[in-house]
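The values are calculated or read from the model by the stated rules, or taken from the named source; none is laboratory data. In this text the structure is predicted, and so the values were computed from the model without any measurement. Here the Cβ is made from the backbone with ideal geometry for all residues, glycine too, and neighbour counts use every protein chain on show.
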Amino acid sequence: MPLLNSTIPGAEPTTAAFKAAEERRTLKDFLAGQSSHTIMRHCVGLIPCGKAPPLLQHTIVVAIACESFEVSPSPLTEIGIATFKCSQMAAVGNQGHLAENLLKQAKYYHYRLKEVAHLVNTKYCPGKPWLNRFGITHFVNLGEAKQALRDVFQVPINPNNPRGPVCPVIFLGHAIKNDIRMLSKFLGEEDGTSSIFDSMVAVIDTQIIARELGLERQQIGLQRLCEMHGFEFRNGHTAGNDTAYTLISAVWMAMRKELGFDNGQFRSVPKTPEQVVEAVSRSSRVQGGQRCRGTATFCEHCESVVHRTRACRMRVNGDYCAKAGKKAASLTHTTHRCKNAFIANSCAARSPYS
Ligand SMILES: [Zn+2]
Ligand SMILES: [Zn+2]
C-alpha cells in the first residue's frame, strides 16, 4: 500500500528533518507493539504517556471514510474527515455525558468531488450526500481535495514554524483497507502526493478494535457497531456521517469501562447515546475556526458556484437523456453531468463487442 510506505523522492534530509524522522520511527515502533484498543485509549488521554516516546503527546487522530461510485471505474465521490489532537482530549476537564465534550473537540469535514457530484449511489450502497450531518459539506476539485488532506496530515507541531516537524498521525477508519485503496487510486502516485501521508505512525480500524474487545468474531459492519452503542446509523453510506460514526464508536469502545458500558448498554445517564450523537452533530455544524477547502455552494446541474442545485434556474438540456426519451431527466442536467450517460459509456467500455 503506497500510502503506508511513503518517502519524499530526492529529498535531502536536514539534521532537523533526520531527527524528526528518527523520532517518528521510534513512535511508530512503539505503537506497533500496542493493540488498536490501547492506541485509542492513548488517543483519548486515558493512558498517561509515561514511558511512551515523547512525540506521542503531539499525536493527531485523523478518521477518514470515502465513497466511490458503484459503477466502474468507480471514481471517488466523497471524503469524510474527523480529526482531533490527542493533547486536546487529555486536557478536557469535564468530558460530559458519554464523552460528549471530547467528541465535540473533533473537527468534522465533508468533501464532495465537483466533477462527479452527480454520480450518487442508489443501488448497492445507496447514500444521500446532501444529508450530511457532521461539518459543512464543501465541493472540491482534485487539487483542493489533496490540499484538504494535506491540511490534516501535515500539521506543524509548532504553529509558528510551519516548515518544522509535523504532528504524527494515527489514521482511523472502519474497514480502512477499502478507504486506503480508494484514496490511493484517487491520488495516484505522482510526486508530492505520497508526502501527504509521511506523518502517519499507525493505522487502526474499528473492526479490529471490536474484535479485540470480543464484540464480534466476524468483521462487524458500521451499522451494527452504531446500533450496538445505542444510536441509529442515520443517513449512512455518506462519507461525512460514516466518518463521524466511526470516530464516535472508536471513542466509546476505548472508554467502555469509564462510561459504564455493561450488558450491551451504557449505564443510565441524563442523555441517551442518540441525543449525544445529535448534540455532536449540531456542534460540528456551527464550530468556527476551521478551514475548509473548495466551496460550500455548488450546483450539480450547471456547475455554478453561485447557487445551489435546488435553486438552479439555468436552462439545461442533457442530450443523452433527451435522445433516450427521458425528457424530464434531460431538462435537469447537461450531458457532461449525466449519470445515465456515465453508466452507458462505462458499460460500452467494458463490453467485448464495443
Ligand atoms: Zn445551476
Ligand atoms: Zn442525462
**Prompt:** Is it the case that region 289-299 has a residue that's more than 16 Å from ligand 2 (Cβ to nearest atom), under 30 Å from Gly230 (Cβ atoms) and either more than 21 Å from the chain's Cα centre (by Cα) or not assigned by TED's automatic domain parsing to the domain that holds Leu113 (or both)?
**Reply:** yes
**Request:** Return only the number of the condition from (1) at pLDDT 95 or above; (2) surrounded by fewer than 21 Cβ atoms within 10 Å (Cβ to Cβ); (3) outside any loop (DSSP other than H, G, I, E, B); (4) not β-branched (Val, Ile, Thr) that Gly240 does not satisfy.
**Result:** (2)
**Request:** Could you look through region 324-334, keep only residues that are farther than 14 Å from Glu300 by Cβ and part of a helix (DSSP H, G or I), and pick out the one that is nearest to ligand 2 (Cβ to nearest atom)?
**Result:** Ser330
**Request:** Filter region 310-321 down to residues that are surrounded by 15 or more Cβ atoms within 10 Å (Cβ to Cβ) and more than 15 Å from ligand 1 (Cβ to nearest atom) and give me whichever is nearest to Leu131 (Cα to Cα).
**Result:** Cys321
**Message:** Given the criteria assigned to a loop (DSSP other than H, G, I, E, B) and either under 20 Å from Lys107 (Cα atoms) or among the β-branched types (Val, Ile, Thr) (or both), does Gln290 qualify?
**Reply:** yes
**Asked** Given the structure, is Ala279 surrounded by 15 or more Cβ atoms within 10 Å (Cβ to Cβ), of a type outside the set (Val, Ile, Thr), farther than 24 Å from Ile204 by Cα and touching an Asp or Glu at 6+ places or on another chain (Cβ under 9 Å)?
**Response** yes
**Request:** Could you list all residues from region 243-267 that are within 19 Å of Asn101 (Cβ to Cβ) and surrounded by fewer than 21 Cβ atoms within 10 Å (Cβ to Cβ)?
**Result:** Met255, Arg256, Lys257, Glu258, Leu259, Gly260, Phe261, Phe266, Arg267
**Message:** Against the conditions (1) under 25 Å from Ala117 (Cα atoms); (2) away from ligand 1 (no atom under 16 Å from the Cβ); (3) surrounded by 19 or more Cβ atoms within 10 Å (Cβ to Cβ), where does Cys299 fall short? Just the number, please.
**Reply:** (2)
